[in-house]
Amino acid sequence: MKNYYLLLLLLFSVILIAQPPANYYNSANGFTGYALKTKLKVIIKTGHNDEGYPSLWSLYGNTAFRDNIYENDNTILDIYSENPTGNDPYEFTYSSNQCGEYANEGDCYNREHLVPQAYFDNVAIPNGEVNPKHDPHHVIPTDGKVNGVRDNFPFGKVNNASYTTGNGSQKGSNLNSGYSAGYSGTVFEPIDEFKGDVARALLYFATRYEDQMDEFYNSATVQSKAMFDGSINHVFSPTFLNILLTWNTIDPVSTKEMARNNAIYNYQGNRNPFVDNNSYVTAIWGLPLGISTIDVFSEVAVYPNPSNNHMLNVHTTAAIDVIHLIAINGQLLQQIKNPILENGTYTLTNLPQGFYFLKLTSQNQSITKKVIVN
């Protein structure tokens, strides 16, 4: 019994660690729509310190930017080379693979602005304001070659690919139908595992830099301008807003995003509210117009939970591609590819005591369950 209460205390502590400080979002309570976005802007602007551009290299040394989920080998977690269900085509060591020059994929990693730097670089930064060029909530470590290939193009749903990365990310013409209808120009599409990460980074940018979004739009001449509508409230053009809202829905907030959000808060003093409380997205912008992907995890159960026999049963009607058992520190303990389910159930055995995240992936969708083994 003592061990059980200890585990419950550990669970409570982990939940606190993964959450913002107490009362952080209190001033936004009761607001919806663009008024809520403005309240969130004030919150995440307060205490936001500009740590400069060179210091991003040091931040990327934090374990939150390393691969502690998939291969668990402490290499840089790059959204353009990470293969969630197999071997990565190449990997980057934090201390020795920073760009420099590059010619091919896998040569080095650099600092990619998910909202391209050219989109906002012609606007003078007001006194006392931080430079979005330096903000790691949207500036992430990625392969240098692919960053160059993506260039200043918007994110979207590729129809015909002209370039495909080692992990299947693509550049090409946008699919002018379904949830991405309304645009046929060139776009870049990350794999499904990271679509939500990208969407929430862009929604953060639209909120944190709300007051300047119209200036950015009016000064920009790059292709990514198509993503925006020139306003400071709605911010995104209809096609690309629906793409981002759809990606936010089909790829929910993950443990890696929570860890990264915490690390950035410790680094520069502000958070991504759409990682902390994803319901803010629909409270501001509403639901996507349509999602073509069926929820494959409409029926899933993990039992017994808590478990007292060092085993867990996973029952689902979905065909599971991979099961990840992840420790509270983000370390991947088990990766089970294409598990064979008997009557819809797979059993994990010989589990040590502890609190874990159990992540199931199927058809590029995933769901994460919190579990206790005592």
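The values are calculated or read from the model by the stated rules, or taken from the named source; none is laboratory data. What you are looking at is a predicted structure, and each value in this text was computed from that prediction instead of being measured. Here the Cβ is made from the backbone with ideal geometry for all residues, glycine too, and neighbour counts use every protein chain on show. Ligands, DNA and RNA are stripped out before the accessible areas are found, and what is left, the full protein with its side chains, is counted by its heavy atoms. Shrake-Rupley method; radii C 1.70, N 1.55, O 1.52, S 1.80 Å.
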Being within 25 Å of residue 167 (Cα to Cα) and assigned to a loop (DSSP other than H, G, I, E, B) is the filter here, so list the residues in the range 341-374 that pass it. 363, 364
Count - residues of the range 284-319 that are β-branched (Val, Ile, Thr) and either at pLDDT 85 or above or under 19 Å from residue 355 (Cα atoms) (or both): 3
Number of positions in the range 315-334 that are open to solvent by less than 70 Å² (accessible area, probe 1.4 Å), farther than 14 Å from residue 303 by Cβ and either free of Cβ contacts under 8 Å to residues at least 24 places away in the same chain or assigned to a strand (DSSP E or B) (or both): 8
Failed item in (1) in a helix (DSSP H, G or I); (2) under 28 Å from residue 94 (Cβ atoms), with residue 43 passing the rest: (2)
How many residues are open to solvent by 70 Å² or more (accessible area, probe 1.4 Å) and not acidic (Asp, Glu) if we restrict to the range 336-346? 4
Select from the range 193-222 the residues that are open to solvent by 40 Å² or more (accessible area, probe 1.4 Å) and either of a type outside the set (S, T, N, Q) or closer than 30 Å to residue 87 by Cα (or both) and list them in ascending order. 211, 214, 215, 217
Of (1) in contact with a Cys (Cβ under 7 Å, 6 or more places away or on another chain); (2) within 21 Å of residue 230 (Cα to Cα); (3) not small (Gly, Ala, Ser), residue 102 satisfies all except one. Which? (2)
Identify the single condition in (1) more than 17 Å from the chain's Cα centre (by Cα); (2) open to solvent by less than 10 Å² (accessible area, probe 1.4 Å); (3) farther than 21 Å from residue 79 by Cα that residue 239 does not satisfy, given that it satisfies every other one. (2)
Of everything in the range 257-282, what is open to solvent by 40 Å² or more (accessible area, probe 1.4 Å) and either in contact with a strand residue (DSSP E or B) (Cβ under 9 Å, 6 or more places away or on another chain) or part of a helix (DSSP H, G or I) (or both)? Give them in sequence order. 258, 259, 260, 265, 266, 267, 279, 282
Just to be sure I understand the filter: pairs with C-beta atoms under 6 Å, separated by 6 or more residues or on different chains, first member in the range 83-95 and touching a residue at least 12 places away in the same chain (Cβ under 8 Å), second member open to solvent by less than 70 Å² (accessible area, probe 1.4 Å) and of a type in the set (Gly, Ala, Ser). Which pairs pass? 88/81; 89/81; 89/166; 90/81; 90/106; 94/61
Take the residues of the range 89-109 that are open to solvent by 20 Å² or more (accessible area, probe 1.4 Å) and touching a Phe, Trp or Tyr at 6+ places or on another chain (Cβ under 8 Å): which is farthest from residue 336 (Cα to Cα)? 99
Could you go through the range 5-14 and let me know if any residue there is modelled with pLDDT of 95 or more and farther than 28 Å from residue 282 by Cα. no
Residue under question is residue 254, and the condition is that it be open to solvent by less than 30 Å² (accessible area, probe 1.4 Å) and under 14 Å from the mean Cα position of the chain (by Cα); does it hold? yes
Over the range 347-362, the set of residues free of Cβ contacts under 8 Å to residues at least 40 places away in the same chain and open to solvent by 20 Å² or more (accessible area, probe 1.4 Å) is 347, 349
Restricting to the range 50-75, count the residues that are surrounded by 20 or more Cβ atoms within 10 Å (Cβ to Cβ) and small (Gly, Ala, Ser). 1
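Residue by residue through the range 150-192, note down the ones that are among the hydrophobic types (A, V, I, L, M, F, W, C) and open to solvent by 10 Å² or more (accessible area, probe 1.4 Å).
Hits for the range 150-192 are 153, 158, 161, 175, 181, 191.
Quick check: is even one residue across the range 258-276 under 28 Å from residue 199 (Cβ atoms), hydroxyl-bearing (Ser, Thr, Tyr) and at pLDDT below 85?
The answer is no, given that none of the residues of the range 258-276 is under 28 Å from residue 199 (Cβ atoms), hydroxyl-bearing (Ser, Thr, Tyr) and at pLDDT below 85.
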Spot the failing condition for residue 78; the list is (1) at pLDDT 95 or above; (2) open to solvent by 30 Å² or more (accessible area, probe 1.4 Å); (3) assigned to a loop (DSSP other than H, G, I, E, B), and only one is missed. (2)
